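Comments concern the structure below.
The values are calculated or read from the model by the stated rules, or taken from the named source; none is laboratory data. Given the structure is predicted, the values throughout are model-derived calculations rather than measurements. Please note: Cβ atoms are built from the backbone with ideal geometry, for glycine as well, and neighbour counts cover all protein chains shown.
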Amino acid sequence: MINTNNKMMTYIALLCTILVWGLSFIGTKIALTSFTPFVYIFLRFSLAAVFFLFLLLRRGFPKLNARDHKKLFIIAFFEPGLYFTFETIGLTYTTASKASIIISIVPIMVMLLARMILKERINAKSLLGILLSIIGIMVLVLCDPKFSWAFEGSFIGDIFILGAVISASFYMVFARDLGKRLSSVEITSFQTLYGTIFFTPLFILNAGTIQWAQVSLIAVAAVVFLAIFATILGFLFYNYALTQIPATRAAVFLNGIPVITAMSAWIILDERLTLLQGMGGILVLAAVLVANMPDKKKVFSSSTNSESC
């Protein structure tokens, strides 16, 4: 049971998290006006890697065996590796607001993968959430005025964003047992460091295509914002919240990310969803809430335990 001050700090941390992560989709769109996807990703994560390297030096490197490093490299391959590759390429084709809504189905995809890989049970509410999310995504994508069945334009962007969803879900499933031995800060640090190593050769191959003299200041500012706020502070805020409240309660706050993205995309990028797309987006968010709705028995049990504290 957390005290009032910690509770307030936890909710402030979560609000800061959804704010910076919601704005991260806008920052990525702006960064891509001057940088290619792999150059942008490398710059973002190399800046964050420097911070986390100093953090580990200050805290002390954890004692890891070869198997731990292998697992950390594997999860870094999925996220940030594949996740940010798919997300960034997807954002070159589709809108920030639509991408953020599609990304919000990650918790539902985690349930499906946990069922297939870890043989975890899926209850009726989760099945309903999965069904609603599929319908919502179909409405969101198919009702796009620029939609075409040809593998191009916004449709290919949406497919890449779905690839990001799958990548993030694999990461979350594989990272579960690591959390038993390592702190979330240590896992995030090694994710960032290994992710930077993963993107280094891709940066070298693409750096020559950038006209560095013509890079805009706003694109540079976007990369710095994404490195400091979305990557470093965003993860630290969220990791702090996870030390104070259950992951399921913290995850509910993340449903606010598409709202922040949609509002900022409308103001900054002049992006708009149609009425039907908006309804599809609401359906997706409702699906995530339904799928993560706690069981009544568990709620009663936890409230009884709280009263006895």
Next on the checklist: Within the range 185-194, does at least one residue satisfy the condition of being surrounded by fewer than 17 Cβ atoms within 10 Å (Cβ to Cβ) and either of a type outside the set (A, V, I, L, M, F, W, C) or farther than 20 Å from Ile75 by Cβ (or both)?
Outcome noted: no
Next on the checklist: Checking the structure you have, find out if any residue of the range 132-153 is modelled with pLDDT of 80 or more, surrounded by fewer than 21 Cβ atoms within 10 Å (Cβ to Cβ) and in a loop (DSSP other than H, G, I, E, B).
Outcome noted: yes
Item to check | For Lys98: the one exception among (1) of a type in the set (Lys, Arg); (2) at pLDDT 85 or above; (3) surrounded by fewer than 19 Cβ atoms within 10 Å (Cβ to Cβ) | outcome: (3)
Next on the checklist: Any residue in the range 223-242 that is more than 23 Å from Ser34 (Cα to Cα) sitting within a Cβ distance under 6 Å of a residue that is among the aliphatic types (A, V, I, L, M) and assigned to a helix (DSSP H, G or I)? List the pairs, counting only those 6 or more apart or interchain.
Outcome noted: Gly234/Val20; Phe237/Ala13; Asn239/Val185; Tyr240/Ala13; Ala241/Ala13; Ala241/Leu14; Ala241/Ala250; Leu242/Ala250
Checklist entry - Which condition number does Phe229 fail, the rest of (1) crowded, with 20+ Cβ neighbours inside 10 Å; (2) under 16 Å from the mean Cα position of the chain (by Cα); (3) modelled with pLDDT of 90 or more being met? => result (1)
Next on the checklist: Checking the structure you have, find out if any residue of the range 204-212 is crowded, with 20+ Cβ neighbours inside 10 Å and touching a residue at least 12 places away in the same chain (Cβ under 8 Å).
Outcome noted: no
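Let me confirm something: among Phe199, Phe203, which residue is touching a Phe, Trp or Tyr at 6+ places or on another chain (Cβ under 9 Å), closer than 17 Å to Leu72 by Cα and not hydroxyl-bearing (Ser, Thr, Tyr)?
Details: Phe203 fails: closer than 17 Å to Leu72 by Cα.
The conditions single out Phe199.
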Checklist outcome for this item: Taking the range 248-277 and keeping only residues that are within 20 Å of Ile108 (Cβ to Cβ) and without any contact (Cβ under 8 Å) to a residue 40 or more places away in the chain, one is left with Arg249
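Would you pick out the residues in the range 178-194 that are in a helix (DSSP H, G or I) and either aromatic (Phe, Trp, Tyr) or touching a residue at least 60 places away in the same chain (Cβ under 8 Å) (or both)?
Result: Leu178, Val185, Glu186, Ile187, Thr188, Ser189, Phe190, Gln191, Thr192, Leu193, Tyr194.
Which of the residues belonging to the range 92-129 are farther than 19 Å from Ile260 by Cα, of a type in the set (Ser, Thr, Tyr) and not in a helix (DSSP H, G or I)? Explain how you work it out, then say what you get.
Here is the first cut: in the range 92-129, the residues farther than 19 Å from Ile260 by Cα are 92-93, 108-129.
Applying the additional criterion that residues be of a type in the set (Ser, Thr, Tyr) yields 92-93, 126.
If the condition is that a residue be farther than 19 Å from Ile260 by Cα, of a type in the set (Ser, Thr, Tyr) and not in a helix (DSSP H, G or I), then Thr92, Tyr93 are the ones that fit.
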Next on the checklist: So for the range 46-58 (the condition being charged (D, E, K, R), touching a residue at least 24 places away in the same chain (Cβ under 8 Å) and assigned to a helix (DSSP H, G or I)), does at least one residue qualify?
Outcome noted: no
Item to check | Residues located in the range 59-91, provided they are assigned to a helix (DSSP H, G or I) and charged (D, E, K, R) | outcome: Arg59, Arg67, Asp68, Lys70, Lys71, Glu79, Glu87
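Scanning the range 164-177 for residues that are in a helix (DSSP H, G or I) and modelled with pLDDT under 85, which turns out surrounded by the fewest Cβ atoms within 10 Å (Cβ to Cβ)? I'd like the intermediate steps shown before the answer.
Just the residues of the range 164-177 that are in a helix (DSSP H, G or I), to begin with: 164-174, 177.
Still in the list and also modelled with pLDDT under 85: 171-174, 177.
Working: Tyr171: 22, Met172: 19, Val173: 21, Phe174: 17, Asp177: 10.
The selected residue is Asp177.
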Checklist outcome for this item: Reported set for the range 199-249 where residues are outside any helix (DSSP H, G or I) and more than 28 Å from Met172 (Cβ to Cβ) is Gly208, Thr209, Ile210, Gln211, Val215, Ser216
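Conditions tested, residue by residue: (1) assigned to a loop (DSSP other than H, G, I, E, B); (2) modelled with pLDDT of 65 or more.
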{"position": "Leu273", "(1), (2)": "yes, yes"}
{"position": "Leu285", "(1), (2)": "no, yes"}
{"position": "Leu289", "(1), (2)": "no, yes"}
{"position": "Pro294", "(1), (2)": "yes, no"}
{"position": "Lys298", "(1), (2)": "no, no"}
{"position": "Ser302", "(1), (2)": "no, no"}
Checklist outcome for this item: Restricting attention to the range 1-52, the residues that are closer than 30 Å to Ala213 by Cβ, within 18 Å of the chain's Cα centre (by Cα) and surrounded by fewer than 18 Cβ atoms within 10 Å (Cβ to Cβ) number exactly 0
